[in-house]
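Rule-based calculations on the coordinates, nothing more; no lab input. From a predicted model like this one, the values you see are computed outputs, not experimental measurements. A quick note on method: Cβ atoms are made from the backbone with ideal geometry, for glycine too, and the neighbour counts reach across all protein chains shown.
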Amino acid sequence: MNVAAALASARIEPREARLLLAEASGYSEASILAHPERELPETAAARFGAMAARRRAGEPMAYVVGRREFYGLAFEVSPAVLIPRPETELLVDLALERRPRTVLDLGTGCGAIALAIKHGLPQARVVAADRSAAALALARGNAAAHSLEIDFRLGEWFAPVARERFELIVANPPYVAEGDPHLAQGDLRFEPREALVAGPDGLAAIRKIARHAAAFLMPGGWLLLEHGMGQDEAVRELLVAGGFDSVSAWPDLAGIARVCGGRIKSE
Ligand code: GLN
């Protein structure tokens, strides 16, 4: 089978088909476009056929390819973890601006946030926790691939960091409400529910983190949390109730508040 025939047989978006064919064959997308008549080795054709079938069934591109870029770094991903999203880069920007020397990333997933912070602040000590062993294994692999040293911990929220204090705590916790119709659409159908859904109002995880974070922060330390559209008021209140000062919300590029944060008094 040649390149043109393979692309036509895929029955997925042409741009995605070219990307998957590049992945399966090792040819660049440019050369795929330039040489539609080129014969494909059988193994590449078979690999491409399998990838296209997964994509036709709705699987996210990131899972089919096994990789996603975040903050300029490539991350291996699998259905064990949430796919890193561009809007989460705001959380990393806000983290880096604060130049913390010690950082805790809760629910690290594939490690995207923790590794982006460590990459930007190589001197910082970064601890990354997740209750999923499969997620941590992936995150460890990503850290090794980028030669970044992260202290990984297995456990739920603050359980694996008892008695430690940090200058910054960050999290992109689950914040989708149970029964949200988006869960039945697009990529979300394939992502781990425990990374997406947090109780009837979507705030269960944020409530827990906001209530306990102060005990794990140094004086003057910051907590920064990603949240969903329209949750900023509720999250700000939870932060105030959790003992935080300077509570603010920051908008993403579309002008929608997506990160809330607060600071512990310096005494
Ligand atoms: N931002 C994701 C969405 O597409 C949700 C991620 C999360 O719950 N942390 O809704």
Margin query: Please report the antiparallel percentage of DSSP beta bridges with both residues in region 52-165, rounded to the nearest 5.
Written below: 30
Checklist line | Computed over region 1-56: relative contact order in percent, which uses C-alpha pairs under 8 Å that are six or more apart | finding: 49
Next item on the list: Can you bin region 131-225 into rounded, prolate or oblate? Criterion: square roots of the alpha carbon gyration tensor eigenvalues sorted a ≥ b ≥ c, rounded for a/c under 1.5, prolate for a/b above b/c, oblate for the rest.
Entry: oblate
Notebook entry, point to check: Helix 133-145 versus the longest principal axis of the chain: what is the Cα-based angle in degrees, 0 to 90, to the nearest 10?
Noted result: 80
Note to self: For a quick check: sort 182, 146, 227 by the number of other beta carbons within 10 angstrom, fewest at the front.
What the structure shows: 182, 146, 227
Next item on the list: Report, by chain and number, residues whose modeled amide H sits under 5 Å from the one on residue 166, excluding near sequence neighbours (fewer than 5 apart, same chain).
Entry: 217, 218
Margin query: Using the Cα centre of the chain as the reference point, and only Cβ charges (+1 on K/R, -1 on D/E), how large is the resulting charge dipole? Debye, rounded to the nearest 20.
Written below: 440
Next item on the list: Please report how far the C-alpha centroid of region 1-53 lies from that of region 188-267, rounded to the nearest whole angstrom.
Entry: 43
Notebook entry, point to check: In what sequence do 3, 170 fall when counting other Cβ within 10 Å, fewest first?
Noted result: 3, 170
Next item on the list: Take every DSSP beta bridge with both residues inside the chain and express the antiparallel ones as a percent of the total, to the nearest 5.
Entry: 45
Check: Which order do 176, 197 fall in if you start with the one that has the fewest other Cβ atoms within 10 Å?
Finding: 176, 197
Notebook entry, point to check: When the label point is put 7 Å from the Cα of residue 131 along its Cα-to-beta-carbon vector, which residues of region 159-183 have a backbone N closer than 17 Å?
Noted result: 159-162, 171-178
Item checked: Label-to-label distance, nm, for residues given as residue 180 and residue 5 (7 Å Cα→Cβ offset) -> 4.6
Item checked: HN-Hα J in Hz across region 176-185 - Karplus 6.51, -1.76, 1.60, θ = phi - 60°, x for Gly and Pro -> 8, 6, 3, x, 4, x, 4, 5, 9, 10
Check: How large is ³J(HN,Hα), in whole Hz, for each residue of region 38-43 in order, when computed from phi with the Karplus curve 6.51 cos²θ - 1.76 cosθ + 1.60 and θ = phi - 60°, using x for Gly and Pro?
Finding: 4, 6, 9, x, 4, 5
Check: Once amide H atoms are placed 1.01 Å from N in the peptide plane, what residues at a sequence separation of 5 or more from residue 67, or on another chain, have their amide H within under 5 Å of its amide H?
Finding: 77
Notebook entry, point to check: Using a Förster distance of 30 Å, how high is the FRET efficiency between residue 187 and residue 165, based on the Cβ-Cβ distance and rounded to 0.05?
Noted result: 0.25
Next item on the list: Could you run the Karplus curve 6.51 cos²θ - 1.76 cosθ + 1.60 with θ = phi - 60° over region 108-114 and give me ³J(HN,Hα) per residue in whole Hz, x for Gly and Pro?
Entry: 5, x, 6, x, 4, 5, 4
Note to self: Could you tell me the center-to-center distance, by alpha carbons, between region 79-103 and region 136-166 in angstrom?
What the structure shows: 14
Item checked: Spacing of the two label points (7 Å from each Cα toward its C-beta) at residue 43 and residue 211, in nm -> 5.5
Check: residue 246 label point, 7 Å along Cα→Cβ, cut-off 17 Å on backbone N: hits in region 163-188?
Finding: 166-170
Next item on the list: Return the single residue from 95, 128, 144 with maximal mean-square fluctuation; model: Gaussian network over the chain, springs between Cα atoms under 10 Å.
Entry: 144
Check: By the gyration tensor of its Cα atoms, with a ≥ b ≥ c the square roots of the eigenvalues, what is the shape of region 141-196: rounded for a/c under 1.5, prolate for a/b over b/c, or oblate?
Finding: oblate
Next item on the list: Return the long-range amide H neighbours of residue 258 (sequence gap of 5 or more, or a different chain), with a cut-off of under 5 Å between placed amide H atoms.
Entry: 250, 252
